Amino acid sequence: MPVPAFPVDYQKLFHSLPDNFLLIAPDEAATIVDNTNSHVGVSLKSREEAVGKPFFEAYPSSDEESAATIRESHEHVRRHHQPHTMPLIRYDLERPLEQGGGLEERYWEATHYPILDENGKLEFILQRTQDVTERYHAELRHQQAQRELAEQQERTRFILESLPVMVWTNLPSGEADYFNPRWLDFTGHSLAECIGQGWVASVHPDDVANTTRLWNQAREQSTELQMEYRLRRHDGQYRWVLVRAVPRQNEAGEVTMWVGCGTDIHDQKLMVQELLEQNEQQALLSDQAYQAYQEVHRQRETFYDLFMQTPALICILRGPEHRFEFVNPPYQRLFPNRQLVGQTVSEALPEVIEQGFLDLLNNVYETGQTFVGNEVQIDLDHEGSGQMKRSYLNFTYQLFEEQGQKAGITVFAYDVTGLVQARQALENAGR
């Protein structure tokens, strides 16, 4: 054998290897022979405390399952003289007293390699160990984040699909890429038939040109859009709908998506038209009433995401006690000086109890039957000053479930006070 040009201290070299190596005797006790400096660091034990001791005396196991996994790997190498990689294991280490003592949670990946002599006899077992504790915890955090994201997405989807209003989204280019079940049920078309430009087929032929022009104008200018057009219902009847589309922009002001919502206003529109025809002298007043109705829709702030964009009063009541879990800005503005979220209806709005609204909520929660109210009178203390003000609402109470169990009630409402007062004025003037 040629003599090296320079003497080599192989033990010093082994100690300096930039990896976590542990040299083990092939006996049943797996006696520690030597280890690298890197292994000394991750094992939290000096070389003097480990060398010469059986493996599990040098590094006591905190649980039998992990110890059994290591013994099986050692035995595989002894029996087959082949490398063996263990699955990820938890193997806590004793922390030195100067570091506070106790056990430190650690996770490891390790491979055992056979070291054979010239006759093929097992001379040593070389363990290469990797401390993957940080990676393991990072993966757990990632999995938890994924679960939370999935839960949030499912929650958003449920709320979006439960709202009693037609909702859709568009790509920045203007192509429609989503319609909620309310739209699909109303038009009687499938999602595949509506996405892209397919939805235009449901618009009244006389309204297509104006609808397309206004939509293109809003898209080019990245401005909000509100308009009315006739939409064909699944039974073939064209119904007037009030729609609003809002662009969502990033920090650079670039449109990333559009969110739209539509409400059937056919009956209200026909009613206004009928009032105008019955009393021409009151045409101006009726027109002002309808314009006021439209102004209400324009002034309502909408949600900033898929359901924050809706121009209506929306809240979510959780549990049989009807606790406010969520209110949108238009709903909150009815009670500017009141804290709603976290309070029950009876706590936050005591004036509605004697007016029967709490009974309606209880009935919807108990029976599961949706309640739809049209032009319902309600007296509210808007400012919290004790002064009651009369309003009229069109609203829907609808039970929602989670995992097959009753969870709460969604409330969707429109304030039609101006419309009712205008009709009452016209009716009184015609007498």
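Element breakdown for the stretch 36-78 at a 1.4 angstrom probe: carbon and sulfur atoms account for 50% of the accessible area. On the beta carbon distance between Ser173 and Asn428, with R0 = 60 Å, the FRET formula returns roughly 0.70. Heavy-atom accessible area with a 1.4 Å probe sorts Lys406, Lys45, Lys389, largest first, into Lys389, Lys406, Lys45.
Available extension along the chain between Glu104 and Arg333 is 77.1 nm, counting 0.36 nm per residue and deducting the alpha carbon span. Sequentially through the stretch 409-415, phi angles give Karplus couplings (6.51, -1.76, 1.60; θ = phi - 60°) of 10, 8, 10, 10, 9, 10, 7 Hz, Gly and Pro residues having no value and appearing as x. Among the protein heavy atoms, those of Tyr392 account for about 30 Å² of accessible surface (1.4 Å probe, every chain in place). Once R0 is set to 51 Å, what does the formula 1/(1 + (r/R0)^6) return for the Cβ-Cβ distance between Glu351 and Thr133, expressed as a FRET efficiency to the nearest 0.05? With a Förster radius of 51 Å, E is 0.30.
Rolling a 1.4 angstrom probe over the protein heavy atoms with all chains in place gives the stretch 100-172 an accessible area of 58 Å² per residue. Ranking Trp215, Trp240 by solvent-accessible area of protein heavy atoms (1.4 Å probe, all protein chains present), from largest to smallest, gives Trp240, Trp215. Reducing the stretch 327-368 and the stretch 159-222 to their Cα centroids gives an inter-centroid distance of 33 Å.
Using heavy atoms of the protein chains and a probe of 1.4 Å, the accessible area assigned to Arg128 is about 70 Å².
In the set (i) 69, 62, 45; (ii) 121, 50, 38; (iii) 66, 46, 36, the label that goes with Cα extents along the principal axes in Å computed for this structure is (ii). Each residue, Gln146 and Asn363, gets one label point 7 Å from its Cα in the Cβ direction; the gap between the two is 4.8 nm.
Along the stretch 62-77 the Karplus relation, 6.51 cos²θ - 1.76 cosθ + 1.60 evaluated at θ = phi - 60°, assigns HN-Hα couplings of 8, 8, 6, 4, 5, 4, 5, 4, 5, 4, 5, 5, 4, 5, 4, 5 Hz to successive residues, with x for each Gly and Pro. The fraction of accessible area contributed by carbon and sulfur in the stretch 90-163 is 48 percent, rounded to a whole number (1.4 Å probe; ligands and nucleic acids excluded).
For Lys269, the aspartates and glutamates whose Cα falls under 19 Å of its own Cα, not counting residues fewer than eight places away in the same chain, are Asp206, Asp207, Glu228, Glu277, Glu280, Asp287, Glu295, Glu375, Asp415, Glu427. Can you compute the modelled spin-label distance between Thr85 and Asp63, with each label point 7 Å from Cα toward Cβ, in nm? Using points 7 Å along Cα→Cβ, the separation is 2.3 nm. On full extension, the segment bounded by Asp267 and Thr111 gains 48.6 nm, given 0.36 nm per residue less the C-alpha separation.
The phi torsions of the stretch 345-362, fed into the Karplus equation with coefficients 6.51, -1.76 and 1.60 and a -60° offset, translate into couplings of 4, 5, 6, 7, 10, x, 5, 8, 5, 5, 7, x, 6, 5, 5, 4, 4, 4 Hz, rounded to whole numbers, with Gly and Pro shown as x. Which lysines, on any chain, are close to Lys45 with Cα under 27 Å apart, when same-chain ones fewer than 8 places away are left out? Partners within reach: Lys12, Lys53. Packing, taken as the mean count of other beta carbons within 10 Å per residue, orders the peptides 53-62, 323-332 from highest to lowest as 323-332, 53-62. Largest mean-square fluctuation among Asn216, Asn394, Asn20, in a Gaussian network model of the chain whose springs join Cα atoms under 10 Å apart, belongs to Asn20. Amide H contacts of Val416 (H built 1.01 Å from N, in plane; Pro and chain starts excluded): Tyr392, Leu393, Asn394 sit under 5 Å, all sequence-distant by 5 or more or on other chains. Suppose a student asked you for the relative contact order of the stretch 192-242, using Cα pairs under 8 Å spaced at least 6 residues apart; what percent would you report? About 31 percent, as a whole number.
The values are calculated or read from the model by the stated rules, or taken from the named source; none is laboratory data. Please read all numbers here as calculations on a predicted model, not as lab measurements. Glycine gets a Cβ as well: all are built from the backbone with ideal geometry, and neighbour counts include every protein chain shown. Just the protein is used for accessible areas: all its heavy atoms, side chains included, with ligands, DNA and RNA removed. Shrake-Rupley method; radii C 1.70, N 1.55, O 1.52, S 1.80 Å.
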